[in-house]
Amino acid sequence: MSAVTPEVLGFTIVNETLSLVPYRQAAFFVTTANGKRRLTTASGLVSVAEDSPYAVWLGRLVQTFPSEPGCHRLNFADASSDIVDGWREWLPDHLLATPLAGPDGREVGMVMYAREEAWGERETNLLDRLHQTYSYCLWSMTKRRCGLGRMLAGMPRSRWRWALPLLLVVLLIPVRMTALAPAEVVALNAMAVAAPQDGVVSKIYVQPNALVKKGDALFSLDDTELIHRREVALKELAIARADAFLAEQRAFDNLKSKGDLAAAKGKVREKEAELAAVEALLERVTVRAEHDGIAVFADPNDWLGRPVQTGERIMQLADPGDLGVLIWLPVRDALNLEPGAPVRLFLHTQPLSPLGATVVQTSYQPVTSPEGISAYRLRARFEKGVTQPRIGLRGTASVSGDWALLGYYLFRRPIAALREWSGL
């Protein structure tokens, strides 16, 4: 296979060299500009987790390998006391360390092979010749990546007299802090349509994003139980009225029956109240729109037959003329934002035509966004003259904050990471 990047070359070295000599493990390291060897590839693995115990220990071990050209045989019996325990746990007894250096003598990488049998002279000679080719390939790849570094290193000293001041002046240019965040077109003052009582959704009369008029039926709950309760309440009311009528008849002849008459009439009023309560619940089974708007919800099949509780939101009733942008600004990209901050919305449906908006509401506490990350919730209103998009369209919002120096804008995240690491 042809390797065009150091990562692909490392994968080829640790896996394809097995066809020439047998070994159990192999690891490939890239030498950084400060001379540190960094693990990038291990045999049998697609990627290496740099914070795994094996990678951390191996990163410390490889710093002790010799840097002279050629293959160096390392044995467990000759290991120092500070690496014996890790060697016994992670590696076989016999290692072969081969530095990779370019024609200029600069080390660009390191390859380590490990197996149970000792390395023979013939095998080391073959690997030494093979790794001369590996060294040149890796050197040529890293040489192309270091073009800027070579250009800066070759710059005459006289030019640094004006290059450094010019760089400082550029870093002092004021720019506006910006951040990108996922966004969605929403209705700013949408009314939540919730379940009026506990029950099961039996029918939804509108489709998602459909226009509705005031008084139109939106959905209804199953009324089977309430109908049965009303029938029972009607029969109990009829019985109570019959008992009250008998008590009233007996009260003409018997003075004692007058007391029973008052209790019977109270029972009638009780049953009438129960029947009125059941009928009021029946009237609330069908939920209707309180004003004109758009019914915003996902899919009717998600709600049909689903039990709901009182107050559980089923859909929203949005005003199509009051649209805005809902923005989820990640905490790591947080800016100092105030109402009125400019926003540019790049919809996925028209990425080359951004829509202008201004922030009208910001949250002071982060919440979990639909993507599962901690973010601040922002709301923005479209500027006048902007063509109103359809509710539900998604895109990316560019939020602008306060003005800052270009140097701070470029190094804001590294500075934050340094503070987290150092605790200063």
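Read-outs throughout are calculated quantities, based only on the coordinates presented, and are distinct from any laboratory measurement. Because the structure is predicted, anything quoted here is derived from the model rather than measured. Virtual Cβ from ideal backbone geometry, glycine too; neighbours counted across all protein chains shown.
What the table below lists for this structure:
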quantity	calculated
Nearest 10 degrees, 0 to 90: helix 6-16 Cα axis against the chain principal axis	80
Highest-MSF residue in the chain out of S47, S374, S202 [GNM, Cα springs under 10 Å]	S47
Relative contact order, percent, the chain [alpha-carbon distance under 8 Å, six or more residues apart]	16
Rg(Cα) / (2.2 N^0.38 Å) computed for the range 6-149, rounded to two decimals	1.00
Eligible aspartates and glutamates near K267 by straight Cα distance, threshold 15 Å, same-chain separation 8 or greater	E236, D243, E248
Reported label for calculated mean projected area of the Cα convex hull in nm² given (i) 25.2; (ii) 22.0; (iii) 39.6	(iii)
Low-density loop cleavage sites - trypsin sites (Lys or Arg not before Pro) in the range 365-424, where at most 15 other Cβ are within 10 Å (DSSP)	K384, R390
Inter-label distance, nm, simple model (7 Å from Cα along the C-beta direction), A210/R122	8.3
Spin-label model distance (nm) - N75 vs K384, 7 Å beyond Cα toward Cβ	8.9
Environment charge of R24, counting only residues whose C-beta is closer than 13 Å and scoring Lys/Arg +1, Asp/Glu -1	-2
Theoretical gain in end-to-end length, A217 to D198 [0.36 nm per residue, Cα-Cα removed]	5.0 nm
Fraction in percent of alpha-carbon pairs per bin - 10 Å, the range 1-90	14, 45, 37, 4, 0
Rg [Å, one decimal], Dmax [Å, integer] - the range 323-372, C-alpha atoms	12.0, 33
Packing rank of 280-286, 75-81, 397-403, where each peptide gets the mean count of other beta carbons within 10 Å, highest leading	397-403, 280-286, 75-81
Euclidean distance of C-alpha centroids, the range 346-393 and the range 42-74, integer Å	47
Tilt relative to the chain, helix 53-62 - C-alpha long axis, 0 to 90 degrees, to 10	20
Per-peptide average of other Cβ atoms within 10 Å, ordering 320-329, 205-214 highest first	320-329, 205-214
Förster radius 35 Å - calculated FRET efficiency between Y54 and D333 (Cβ-Cβ, nearest 0.05)	0.55
Set of aspartates and glutamates with alpha-carbon distance to K36 below 12 Å, sequence-local pairs under 8 removed	E107
Debye intensity ratio in log₁₀ form over the Cα atoms of the range 196-315, taken at each q of 0.14, 0.15, 0.18 Å⁻¹	-0.69, -0.74, -0.90
Degrees between helix 157-171 axis and first principal axis of the chain (Cα, 0 to 90, nearest 10)	0
Packing rank of 336-344, 117-125, where each peptide gets the mean count of other beta carbons within 10 Å, highest leading	336-344, 117-125
Full-stretch length increase - K265, R176 - with 0.36 nm per residue and alpha-carbon distance subtracted	24.2 nm
M191-S374 FRET efficiency (beta carbon distance; Förster radius 22 Å; 0.05 resolution)	0.20
Full-extension gain in nm, Q249 to Y136, via 0.36 nm per residue minus C-alpha separation	28.9 nm
Three semi-axes of the equivalent ellipsoid, the range 354-424, Cα gyration tensor, whole Å, largest first	30, 18, 11
Cβ-defined net charge surrounding A97, 11 Å radius [Lys, Arg +1; Asp, Glu -1]	+1
